[in-house]
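**Q** What follows is a structure written as structure tokens; I'll ask about it next.
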Amino acid sequence: MNTNFSYHVQFSEHNETPEAEREEVMNTLSDSLQGLLAVNDPGATVTDSASQKGEGHKIIELTTALDDEQVGAALKVFSKQHGLSISALE
């Protein structure tokens with residue numbers, strides 16, 4: 001059974017990643033995250049959209065068979081790798 005998850009994504013406040021690299025991360029966000037989730041759930045899907053908070057912020061929607069703990073672990077790895085802050089939407 002698949003579950004839907006929604007998150008707000010932005011770069012961490014003190015992130016020193018160059019602007020061009022930040023843009024690349026945000027432009028490939030869905031594909032990169034979907035690739036990470038596909039290791040344990042090949043049917044997982046990820047979509048992203050602009051956030052009302054403006055440039056450098058995105059909303060991601062995940063649909064996956066993974067449980068909360070598995071999704072949380074994947075997002076933790078992904079956020080550390082890219083210097084992102086990822087928070088669940090309520």
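Each reported figure results from applying straightforward, stated rules to the coordinates on display, with no laboratory input. Just so you know, these numbers come straight off a predicted model, no measurement behind them. Counting neighbours? That spans all protein chains shown, and the Cβs are built from the backbone with ideal geometry, glycine included.
**Q** Restricting attention to the range 44-70, report how many residues are in contact with a strand residue (DSSP E or B) (Cβ under 6 Å, 6 or more places away or on another chain) and closer than 17 Å to N2 by Cα.
**A** 8
**Q** Still on this structure, please answer the following. Which members of the range 1-10 meet the condition of being touching a strand residue (DSSP E or B) at 6+ places or on another chain (Cβ under 8 Å) and loosely packed, with under 14 Cβ neighbours inside 10 Å?
**A** First pass over the range 1-10, keeping only residues touching a strand residue (DSSP E or B) at 6+ places or on another chain (Cβ under 8 Å): 2-10.
Scanning the range 1-10 gives N2, T3, N4, S6.
**Q** Taking K58, is it touching a helix residue (DSSP H, G or I) at 6+ places or on another chain (Cβ under 7 Å) and basic (K, R)? Walk me through how you get there before you give the answer.
**A** Working: touching a helix residue (DSSP H, G or I) at 6+ places or on another chain (Cβ under 7 Å): yes; basic (K, R): yes.
Spelling it out, K58 is indeed touching a helix residue (DSSP H, G or I) at 6+ places or on another chain (Cβ under 7 Å) and basic (K, R).
**Q** Right, here's the next one. Please identify the pairs in which a residue from the range 1-25 that is closer than 21 Å to D41 by Cα and in contact (Cβ under 8 Å) with a residue 60 or more places away in the chain has its Cβ atom under 7 Å from the Cβ atom of a residue that is surrounded by 11 or more Cβ atoms within 10 Å (Cβ to Cβ) and among the charged types (D, E, K, R), counting only partners at least 6 apart or on another chain.
**A** What qualifies is S6/E61.
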